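Scroll down for the structure; my scribbles are underneath it.
None of the figures in this text is laboratory data; all of them are computed from the coordinates on show. Please read all numbers here as calculations on a predicted model, not as lab measurements. Every residue, glycine as well, gets a Cβ built from its backbone with ideal geometry; the counts of neighbours run over all protein chains shown.
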Amino acid sequence: MISFDEFKKLSIKVAKIKEVKDHPNADKLYVIKVDIGGEEREVVAGIKKAYKPEELEGKLVVVLENMEPATIRGVESKGMILAASDSEKMAVICPDKDMPSGATVK
């Protein structure tokens, strides 16, 4: 279990997907450019089986903004798009109302 103080360290924000590209070195990954309240960054996401690029572009998603950057198969990822999954399907987490990029998830 984590404490509430530990949870408060997470910066979870709404982001708008601006661009989706195939990862150059991985079949199951996308390199996704997101706008988090005026700041653009790239994240690597393993959601290729669940979504086509055109289904993601323009979509609002929830991202973990302050995750330590990681290099995934040669591409630096500066955040994580949150998704739910089971053994058969996957769904990115999205706000159910229109929200501005950069809105804080609490």
**Asked** Say the cut-off is 29 Å between C-alpha atoms; which of 9/52; 59/106; 13/48 go over it?
**Response** 9/52
**Request:** Please build a GNM for the chain, connecting alpha carbons under 10 Å apart, and tell me which residue among 17, 81, 93 fluctuates the most.
**Result:** 93
**Message:** Rounded to two decimals, what is the ratio between the C-alpha radius of gyration of segment 4-92 and 2.2 N^0.38 Å?
**Reply:** 1.06
**Proxy reagent accessibility, fewest Cβ within 10 Å first, across 106, 48** = 106, 48
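For the pair residue 11 and residue 73, what calculated FRET efficiency results from E = 1/(1 + (r/R0)^6), where r is the Cβ-Cβ distance and R0 = 30 Å, to the nearest 0.05?
On the way: r = 25 Å, r/R0 = 0.83.
Calculated transfer efficiency: 0.75.
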**Only Lys, Arg (+1) and Asp, Glu (-1) charged, at Cβ; the chain dipole about Cα centre in debye** = 40 debye
**Request:** Give, as ranges by residue number, the residues of segment 51-70 whose backbone N falls under 14 Å from the point 7 Å along Cα→Cβ of residue 99.
**Result:** 60-65
**Asked** GNM on the chain, C-alpha springs below 10 Å: top fluctuator among 27, 35, 96?
**Response** 96
**Prompt:** Which aspartates and glutamates have a Cα less than 20 Å from the Cα of residue 18, not counting those fewer than 8 places away in the same chain?
**Reply:** 35, 39, 40, 42, 54, 55, 57, 65, 76, 96, 98
